[in-house]
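Student: This is the structure, below, for whatever I ask next.
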Amino acid sequence: MSRLSRGCLRCRQRRVKCDQGRPSCQRCIKRNEVCEGYRDDATIIFRYETEKVIEHANANALVSPPASTSRTSRRRSRSTDNKSNSSRLSTSPVDPSDLTEQEAASLNLLQPFPWAKNVPTHLRPAAEDRVVDRFMDKYVMYPCNETSSSGFLEHLPGLFRDVNIEGRFALRWAVRAAAYADLSKAQNNGALASKAFHCYGMALSALGESLSGPSKVPDDYDLMTAVIHRLSCLLNLKTFFVDDPTMRGAHAQGMAQILRLRGSDQIYNPRGWSLFRLAHHRIQKQQLAFNLKPLDESEHWISQLNEDAPSARLEKDALRINQTCERARGLQEAIARGNSSINEILEMVHELVKLDQEVASWRQKPEWSFKTLAVSDLPGFDPSVRPLTSTVQLHPDLWLAYEWNYHRTARSIGYQQLLNCLRTAMGTPDLEPLTRESVRILIAQFTETVRLFADEVLSTVPQTFGDIDHLGRLHDHKAGAPRCRGIGAYLLLWPIKMIKGAQLSTSPEQKESGQVVFERIREYTGMKSHLGSLSII
């Protein structure tokens, strides 16, 4: 029998010897590629998670809650069964992600079933369920028939109902980690934040165990767990934060490995397609943000999709932009070495402009249309949330608006990569005067295009934060925070970080506006309270 290779995925694909280095093998480092991990070692999928989290999970996964709890009969998640609380025996198994009596008593939760005057004790949901319900209500976006939007995390509630089955505990603990984290920052509850970290560690450990079988193909529960882990980190528990460049894209790499193991058949059912879209969407975003090359498998996956479906077209266009960016980076290096000509740059400029025109014209459809209003024609905004642009863009579907902002940002990165090439070419001494003038004009045009996209993203901020609805009605902040503020801040994070950052050629005024919006994102997501000045990174 032949010996099973323990090399990384890239080395196995190339049939070369791998040194099995952690976190990345030397061959991948020398080729300037992302080392994608080791199929026969499932724990390496999320190899950049801190050892502290893993050790914490292993130490606590099999122990009972602290003895100080007075809760002698623990109530498991209602996803276990539909029996009332009174029928649950005191010998019910203890779930280490459950809240103690003291932890539950410290929470300020809304009254369950507000349409009822009084809720009998035996019908009152457990505190854990109410915290998860709050999380679902805040972050799950269901499909919108009016605009053909496919939603966000729309299959999570259905998957969560089945998480008490052996092998699916990872998703239960991941969802509770995210829900506890979100509530802990809203109520400044340190004990709940610690509980969230505990659940996060257990979920990581359970996911590793779920994927450890030699013939195990990751299922929908595994992939959704990886997606929720990503959201948990963006909720910014301070304990999760490590300022380490090697962690960039760690969750995206983990999701990429899971997609590989699931194979190409995963898109042939609604839930599988939805989860693929969620994961691949984030993978491509990480690649664009950190100048990583596209996955080798993405071309095959995307080729199976129907371009006429908006969500499928979005993935295809993003991949084409990502591939163009990869070529542009290689071309820029070649120009710097003197191994390329200006004609190659101009050819790539033509290709990207043509691609961008295709993208823009394809989206000249009602479901992609924004309504643009002048700020001067609207009632006065609260000074703390006044728009930073002269106009606001409104859309009836917040998720579809985000997808367009995501694509605006991807297009900006594509143009920026060409700008980098053109600026490198301007530094070559043998450039003819007419060619130099043409390059200068292109630089000015592309810079203006990047800034136009930035203005369009900034003009969607008021609706995304819930300061104004899609009909142009202002939110009354005296009545409380807008319901969509949390998910809106999450959806704006990547576009705004790109606008305010050094990577894009946005104007100083746009970078300043981006920083103002980013401060609101830090506040609304809890980054500011949990991480302080670290969250500025």
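The values are calculated or read from the model by the stated rules, or taken from the named source; none is laboratory data. What you are looking at is a predicted structure, and each value in this text was computed from that prediction instead of being measured. Every residue, glycine as well, gets a Cβ built from its backbone with ideal geometry; the counts of neighbours run over all protein chains shown. When the accessible area is computed, the model is the full protein with side chains, heavy atoms only, and any ligands, DNA or RNA have been set aside. Shrake-Rupley method; radii C 1.70, N 1.55, O 1.52, S 1.80 Å.
Student: Might you check whether a residue that is open to solvent by less than 10 Å² (accessible area, probe 1.4 Å) and on the phi < 0 side of the Ramachandran plot occurs anywhere in the stretch 118-125?
Tutor: no
Student: Restricting attention to the stretch 460-480, which residues are in contact (Cβ under 8 Å) with a residue 40 or more places away in the chain and in contact with a Gly (Cβ under 9 Å, 6 or more places away or on another chain)?
Tutor: Hits for the stretch 460-480 are V461, Q463, T464, F465, L474.
Student: While we're looking at this one, here's another question. Which of the residues belonging to the stretch 359-372 are farther than 22 Å from A489 by Cα and either assigned to a loop (DSSP other than H, G, I, E, B) or under 26 Å from the mean Cα position of the chain (by Cα) (or both)?
Tutor: Of everything in the stretch 359-372, those that are farther than 22 Å from A489 by Cα and either assigned to a loop (DSSP other than H, G, I, E, B) or under 26 Å from the mean Cα position of the chain (by Cα) (or both) turn out to be V359, A360, W362, R363, Q364, K365, E367.
Student: Right, something else. Could you please let me know if V439 is in contact with a Leu (Cβ under 6 Å, 6 or more places away or on another chain), of a type in the set (V, I, T) and within 24 Å of E326 (Cα to Cα)?
Tutor: yes
Student: Is it the case that the stretch 176-192 has a residue that's touching a Leu at 6+ places or on another chain (Cβ under 8 Å), outside any helix (DSSP H, G or I) and surrounded by fewer than 24 Cβ atoms within 10 Å (Cβ to Cβ)?
Tutor: Yes, some residue in the stretch 176-192 is touching a Leu at 6+ places or on another chain (Cβ under 8 Å), outside any helix (DSSP H, G or I) and surrounded by fewer than 24 Cβ atoms within 10 Å (Cβ to Cβ).
Student: Going residue by residue through the stretch 94-102, is there one that turns out to be in contact with a Lys or Arg (Cβ under 6 Å, 6 or more places away or on another chain) and open to solvent by 20 Å² or more (accessible area, probe 1.4 Å)?
Tutor: Yes - at least one qualifying residue is present in the stretch 94-102.
Student: Go through (1) over 26 Å from A489 (Cβ atoms); (2) of a type in the set (D, E); (3) touching a residue at least 40 places away in the same chain (Cβ under 8 Å) one by one and return the number of the condition E432 breaks.
Tutor: Every condition holds for E432 apart from (3).
Student: A further question on this structure: Output the residues belonging to the stretch 296-341 that are of a type in the set (A, V, I, L, M), outside any helix (DSSP H, G or I) and in contact with a helix residue (DSSP H, G or I) (Cβ under 6 Å, 6 or more places away or on another chain).
Tutor: L305
Student: In this structure, is C35 open to solvent by less than 90 Å² (accessible area, probe 1.4 Å) and modelled with pLDDT of 80 or more?
Tutor: no
Student: I'm trying to understand the selection: among the residues of the stretch 130-149, which are over 19 Å from V119 (Cβ atoms) and modelled with pLDDT under 90?
Tutor: The answer is K138, Y139, V140, M141, Y142, P143, C144, N145, E146, T147, S148, S149.
Student: Among residues belonging to the stretch 290-349 that are modelled with pLDDT under 90, among the small types (G, A, S) and closer than 23 Å to P270 by Cα, point out the one that is most open to solvent (accessible area, probe 1.4 Å).
Tutor: The qualifying residue most open to solvent (accessible area, probe 1.4 Å) is A309.
Student: Restricting attention to the stretch 465-493, which residues are within 17 Å of P383 (Cβ to Cβ) and assigned to a helix (DSSP H, G or I)?
Tutor: Across the stretch 465-493, the qualifying residues are H477, K478.
Student: Applying the selection to the stretch 424-448, what residues are surrounded by fewer than 17 Cβ atoms within 10 Å (Cβ to Cβ) and assigned to a helix (DSSP H, G or I)?
Tutor: Within the stretch 424-448, M426, P433, L434, T435, R436, E437, S438, R440, I441, A444, Q445, E448 meet the criteria.
Student: So, one more: Among the candidates T424, T435, T391, T428, which residue alone is under 30 Å from M141 (Cα atoms) and of a type in the set (S, T, Y)?
Tutor: T391
Student: Given the criteria in contact (Cβ under 8 Å) with a residue 40 or more places away in the chain, more than 21 Å from R423 (Cβ to Cβ) and in a helix (DSSP H, G or I), does W273 qualify?
Tutor: no
Student: Continuing with this model, one more query. Check the stretch 366-376 and report whether any residue there is open to solvent by less than 30 Å² (accessible area, probe 1.4 Å), among the aliphatic types (A, V, I, L, M) and touching a residue at least 24 places away in the same chain (Cβ under 8 Å).
Tutor: Looking through the stretch 366-376, none of the residues is open to solvent by less than 30 Å² (accessible area, probe 1.4 Å), among the aliphatic types (A, V, I, L, M) and touching a residue at least 24 places away in the same chain (Cβ under 8 Å).
Student: Restrict the check to the stretch 14-32 and report whether at least one residue is at pLDDT below 55 and open to solvent by 40 Å² or more (accessible area, probe 1.4 Å).
Tutor: No, because not a single residue in the stretch 14-32 is at pLDDT below 55 and open to solvent by 40 Å² or more (accessible area, probe 1.4 Å).
Student: Next up: Name the residues in the stretch 373-390 that are under 14 Å from E456 (Cα atoms) and assigned to a loop (DSSP other than H, G, I, E, B), would you?
Tutor: Those that are under 14 Å from E456 (Cα atoms) and assigned to a loop (DSSP other than H, G, I, E, B): P387, L388, T389, S390.
Student: Report whether or not L153 is modelled with pLDDT of 85 or more, open to solvent by less than 10 Å² (accessible area, probe 1.4 Å) and farther than 20 Å from D98 by Cα.
Tutor: The answer is yes for L153.
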